[in-house]
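Asker: Input: one structure, supplied below.
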Amino acid sequence: MTKPLNRLKVVLAEQRKTNKWLAEQLGKDVTTVSKWCTNKSQPGLETLYEIAKCLNIDAKDLLVTPKQ
């Protein structure tokens, strides 16, 4: 099992927003956003900043902090 790299699913749930809403905001396919939420793939850095802007948060809040 791969380690999660992003917290997108958690942040969307906290803000009561859906994958579909985010996909519409970014002009992306819902399937792509779903893969990001399940950590099957990762958004590029520029997209990560776009996501943060849509969610009104700092981009670092979307990342999982590695444990020492």
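Asker: For segment 43-68, which positions are touching a helix residue (DSSP H, G or I) at 6+ places or on another chain (Cβ under 9 Å), open to solvent by 100 Å² or more (accessible area, probe 1.4 Å) and within 11 Å of residue 7 (Cβ to Cβ)? Quick ask: steps written out before the conclusion?
Answerer: Quick first cut of segment 43-68, residues touching a helix residue (DSSP H, G or I) at 6+ places or on another chain (Cβ under 9 Å) only: 43, 45, 47-55, 57-63.
Among the residues that remain, those that are also open to solvent by 100 Å² or more (accessible area, probe 1.4 Å) are: 45, 49, 53, 60.
Result: 60, single match.
Asker: Restricted to segment 2-16, and to residues that are under 9 Å from the mean Cα position of the chain (by Cα) and touching a residue at least 12 places away in the same chain (Cβ under 8 Å), which residue is most open to solvent (accessible area, probe 1.4 Å)?
Answerer: Filtering segment 2-16 down to residues under 9 Å from the mean Cα position of the chain (by Cα) leaves 6-12.
Restricting the remaining residues to those that are touching a residue at least 12 places away in the same chain (Cβ under 8 Å) gives 6-9, 11-12.
On the way: 6: 13, 7: 74, 8: 5, 9: 130, 11: 5, 12: 3 Å².
Result: 9.
Asker: Kindly provide the set of residues from segment 1-35 that are in contact with a Cys (Cβ under 9 Å, 6 or more places away or on another chain) and not hydrophobic (A, V, I, L, M, F, W, C), ordered by number.
Answerer: 6, 9, 17, 19, 25
Asker: Mind telling me which of the residues 64, 33 ends up being of a type in the set (A, V, I, L, M) and modelled with pLDDT of 95 or more?
Answerer: Working: 64 fails: modelled with pLDDT of 95 or more.
Only one candidate passes the filter, namely 33.
Asker: Taking interchain pairs and intrachain pairs at least six residues apart, which have beta carbon atoms under 8 angstrom, with the first residue in segment 17-38 and open to solvent by 70 Å² or more (accessible area, probe 1.4 Å) and the second not in a helix (DSSP H, G or I)?
Answerer: Final answer for the pair search is 35/41.
The values are calculated or read from the model by the stated rules, or taken from the named source; none is laboratory data. Just so it is clear, the structure is predicted and the values come from calculations on it, not from any experiment. Positions of Cβ are backbone-derived with ideal geometry, glycine not excepted, and every protein chain shown enters the neighbour counts. Please note that ligands, DNA and RNA were not included when accessible areas were found on the heavy atoms of the full protein model with its side chains. Shrake-Rupley method; radii C 1.70, N 1.55, O 1.52, S 1.80 Å.
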